[in-house]
């Protein structure tokens with residue numbers, strides 16, 4: 001059996017070259033692959049393209065508490081995203097300085113990103129997409145009327161790497177998620193050339209029911225265990241959740 | 001709570017009009033929705049379009065033992081399929097008489113059918129597909145070179161009805177499968193306007209783990225329980241399996 | 001100045017559009033206020049992959065929050081029997097295949113049902129697209145809840161949207177603090193007015209011409 | 001007449017192309033014979049939604065057959081630890097995203113690596129497309145196992161396929177009862193010959209010109 005289990009996050013990202021494209025999940029902090037993000041920051045690869053549904057700054061936490069996507073901003077050449085920042089905080093204000101220094105931002109709708117990743121996984125050359133017609137998303141793209149309805153030609157996405165946040169993986173790379181860990185990770189794993197997952201637990205082959213596997217081992221190349229109580233761990237998340245609850249402004253954003 | 005549970009298969013298909021399109025699974029007999037097929041035959045709706053990965057005659061069984069897709073042939077105007085018949089038995093010989101009487105047959109590759117159903121579910125207007133270039137599948141279709149590679153424009157499929165063979169459904173319509181029951185049923189349920197499922201067991205809401213649901217209730221409109229020991233039941237399948245094993249020619253096809 | 005409906009009341013009126021068995025996705029802001037008034041049997045959808053979940057965790061019950069259950073608006077939700085968790089490919093097939101009703105906020109709605117609700121200005125960084133465009137295009141029914149006019153009194157129901165569009169011809173119904181207006185092929189149909197308001201008074205705060213329904217009535221809850 | 005390799009031996013030679021950690025999809029017929037010779041650690045894929053399953057149920061052990069576990073060729077398989085069951089959208093993403101090696105049968109292979117293996121004639125009803133075209137286009141590596149000539153002695157390795165195509169320029173390696181031939185940008189490279197056969201003898205039964213490898217050797221198992 002090929003060994004897919006890596007002992008360190010640094011090793012797992014060691015071959016990511018300058019200019020690589022990376023897809024990963026972010027919907028709140030739960031679905032972040034925090035250890036891989038931190039390792040990629042330490043490695044310092046440059047001119048990266050980051051493909052995410054959302055990139056949102058972490059409020060009130062230090063980088064040691066939460067390694068969120070914005071820590072990678074200095075390493076990015078391009079960002080493909082559906083949500084950049086929080087509306088209540090002036091949306092993308094936090095990336096303005098990078099945009100002024102040359103960061104290219106490609107906006108997408110969430111559903112369009114999911115479909116483009118599927119197109120990448122299924123080997124499609126392009127898709128006629130119904131979303132974005134008449135909006136800024138159609139700028140510079142081919143449009144076409146099919147059966148009386150307008151569509152925009154969108155291109156497949158095949159990231160060089162996917163970072164996926166799993167709950168459990170067996171040693172063959174079969175992954176199950178837990179709640180919002182799942183997000184767009186299954187299709188990112190399918191579309192990417194190399195998929196790296198960080199998981200709460202690595203289990204023996206056979207411990208995951210064949211009917212319950214969500215991301216199959218064929219799509220997973222490297223597995224690293226999140227250190228217990230460490231960055232991105234469920235224990236840490238629970239602590240931070242109570243810390244958030246003590247800060248009024250965040251409570252208002254979160255619970256209203 | 002809306003009641004999605006129907007007491008009879010005849011009621012569940014009662015509104016299928018002449019001219020409707022129906023997608024359903026067939027890979028061997030296990031994944032067939034046999035009771036829905038039999039009910040649709042009894043109903044006798046005409047000029048139907050049938051969308052399947054495979055349509056394969058059942059060997060050595062009576063219609064009472066197995067209700068397979070070929071029983072619907074007299075009701076079809078059009079067939080979209082990847083495999084028509086068994087190669088060892090002269091492929092599509094069993095439908096030749098219907099073709100001569102006007103049945104239109106549209107061939108597809110299995111993967112292309114899956115992608116076209118996904119396109120239907122995601123509201124896409126078309127997809128550029130890499131499979132079929134230089135083959136009979138490109139005839140009459142637009143081709144296009146994207147990034148130096150040729151693709152064929154394939155159209156989405158949005159069936160009027162999907163028949164899906166589930167293992168368990170809860171009363172909200174959340175479905176889990178069992179082995180090859182799954183096939184293309186999840187994407188067919190997503191793409192269809194009305195989805196009808198026949199299942200081994202109907203369970204209470206809450207009995208299926210939220211992480212294990214494969215087809216979500218929003219995609220399922222009608223649920224009917226397979227009669228225990230009756231057509232398409234696991235008990236019946238097991239009996240027939242042993243009957244197959246006693247017939248040499250079939251054993252040779254199945255086990256070689 | 002005449003009294004307009006409270007935000008809570010707009011939400012209550014919007015919630016009346018839903019019934020047992022409907023699947024609904026609520027946008028952030030005003031639409032979310034509907035959650036508390038929605039009738040039993042309505043099933044909630046969150047873009048990030050949850051259907052049929054239970055009540056949101058409120059401010060005074062943070063001990064109930066589980067970081068694995070966060071909705072698309074970053075609020076903690078509780079699991080409920082019959083809930084399903086899934087990925088975004090499936091989630092957006094739910095949205096785009098016309099099975100959901102969505103209640104969204106709005107900056108502007110045009111007389112043709114065009115919607116602008118993601119960005120007030122021209123700077124793309126000044127707004128978030130997210131799943132809103134998918135909902136506007138894909139939902140079976142798009143209901144917009146918003147104030148009838150901007151803070152400085154300008155109509156938000158306009159002939160042509162000046163803010164960047166979310167989607168064209170997508171809105172079915174607009175519920176404001178003054179009126180309930182249906183988008184029809186013939187134009188905007190004024191169906192209900194806030195108590196004490198006349199059709200003419202609502203028209204005065206609306207840019208395009210309104211068709212007044214024969215059975216125009218006061219908004220009822 | 002000189003002896004050609006048995007089908008079983010072709011299968012054994014093809015199986016040598018696989019190693020621990022490879023994912024493989026075997027076509028029906030000759031390719032399936034490889035299954036028994038494939039080294040440990042190779043993981044089997046079936047188009048109808050199974051990965052990493054165990055041995056097929058053999059003719060004399062029908063009591064082991066479970067109707068829920070049937071592969072794409074309608075053979076019963078046994079579950080194995082680490083197996084995964086999934087739908088066809090995922091199954092064909094596995095195939096099309098270039099992660100699988102496939103061993104398929106062939107009617108004809110052209111000097112450019114075009115493959116014809118779904119239909120011998122011109123009648124579409126005379127063959128089955130199935131997942132074969134997806135495998136030929138999408139797999140990381142396409143290995144064809146077939147007899148070197150037709151029953152009446154005509155070459156199956158041809159300048160241009162006359163049978164309906166499965167896919168263009170897709171074949172990487174051809175393993176026949178006479179030779180192992182790699183498809184290269186320069187043309188067909190003859191790498192191995194059956195014991196007792198010379199390059200010239202193989203060439204005589206092959207339509208396009210073969211490039212003879214400098215280190216041409218006898219097929220070894």
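Quick look at the values:
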{"item": "Some residue of the range D:171-189 being under 23 Å from residue D:100 (Cα atoms), within 14 Å of another protein chain (Cβ to nearest Cβ) and surrounded by 17 or more Cβ atoms within 10 Å (Cβ to Cβ)", "result": "yes"}
{"item": "Residue count, the range D:190-200 (criterion: outside any loop (DSSP other than H, G, I, E, B) and either free of Cβ contacts under 8 Å to residues at least 24 places away in the same chain or exposed (fewer than 15 other Cβ atoms within 10 Å of the Cβ) (or both))", "result": "2"}
{"item": "Failed item in (1) without any contact (Cβ under 8 Å) to a residue 40 or more places away in the chain; (2) in a helix (DSSP H, G or I); (3) under 24 Å from residue D:47 (Cα atoms), with residue B:235 passing the rest", "result": "(3)"}
{"item": "Selection within the range A:107-142 - within 11 Å of chain C (Cβ to nearest Cβ) and exposed (fewer than 15 other Cβ atoms within 10 Å of the Cβ)", "result": "A:139"}
{"item": "Test: residue in the range C:34-53 that is in contact with a helix residue (DSSP H, G or I) (Cβ under 6 Å, 6 or more places away or on another chain), closer than 22 Å to residue C:128 by Cβ and more than 9 Å from every other protein chain (Cβ to nearest Cβ)", "result": "yes"}
{"item": "Residue list for the range C:1-27, restricted to those being farther than 22 Å from residue C:217 by Cα and buried (at least 21 other Cβ atoms within 10 Å of the Cβ)", "result": "C:23, C:24, C:25, C:26, C:27"}
{"item": "Residues that are over 20 Å from residue D:92 (Cβ atoms) and facing chain D (nearest Cβ under 9 Å), drawn from the range B:73-87", "result": "B:85, B:86, B:87"}
{"item": "Leading residue by the ranking (surrounded by the most Cβ atoms within 10 Å (Cβ to Cβ)) among those in the range D:58-71 that are within 7 Å of another protein chain (Cβ to nearest Cβ) and in a loop (DSSP other than H, G, I, E, B)", "result": "D:69"}
{"item": "Qualifying positions in the range B:160-209 - more than 7 Å from every other protein chain (Cβ to nearest Cβ), part of a loop (DSSP other than H, G, I, E, B) and surrounded by fewer than 24 Cβ atoms within 10 Å (Cβ to Cβ)", "result": "B:160, B:171, B:193, B:204, B:207, B:208, B:209"}
{"item": "Residue match in the range D:209-218 (condition: surrounded by 14 or more Cβ atoms within 10 Å (Cβ to Cβ), assigned to a loop (DSSP other than H, G, I, E, B) and in contact with a helix residue (DSSP H, G or I) (Cβ under 7 Å, 6 or more places away or on another chain))", "result": "no"}
{"item": "Evaluation of residue D:137 against (1) in a helix (DSSP H, G or I); (2) touching a residue at least 24 places away in the same chain (Cβ under 8 Å); (3) more than 10 Å from chain A (Cβ to nearest Cβ) (one fails), failing number", "result": "(3)"}
{"item": "Test: residue in the range D:103-123 that is surrounded by 19 or more Cβ atoms within 10 Å (Cβ to Cβ), away from chain A (no Cβ under 14 Å), assigned to a loop (DSSP other than H, G, I, E, B) and on the phi > 0 side of the Ramachandran plot", "result": "yes"}
{"item": "Search result, residues across the range A:143-159 that are farther than 18 Å from residue D:97 by Cβ, more than 14 Å from chain C (Cβ to nearest Cβ) and part of a loop (DSSP other than H, G, I, E, B)", "result": "A:147"}
{"item": "Considering residues of the range D:4-34 that are assigned to a loop (DSSP other than H, G, I, E, B) and modelled with pLDDT under 95 only, the residue nearest to residue D:132 (Cα to Cα)", "result": "D:27"}
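Residue-by-condition table, conditions (1) more than 10 Å from every other protein chain (Cβ to nearest Cβ); (2) out of contact with any helix residue (DSSP H, G or I) (no Cβ under 9 Å at 6 or more places or on another chain); (3) under 26 Å from residue B:178 (Cα atoms); (4) surrounded by fewer than 15 Cβ atoms within 10 Å (Cβ to Cβ):
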site: B:30; (1), (2), (3), (4): no, no, yes, no
site: B:51; (1), (2), (3), (4): yes, no, yes, no
site: B:66; (1), (2), (3), (4): yes, no, yes, no
site: B:105; (1), (2), (3), (4): no, no, no, no
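The values are calculated or read from the model by the stated rules, or taken from the named source; none is laboratory data. Just so you know, these numbers come straight off a predicted model, no measurement behind them. Note: ideal-geometry Cβ built from the backbone for every residue, glycine included; neighbour counts use all protein chains shown.
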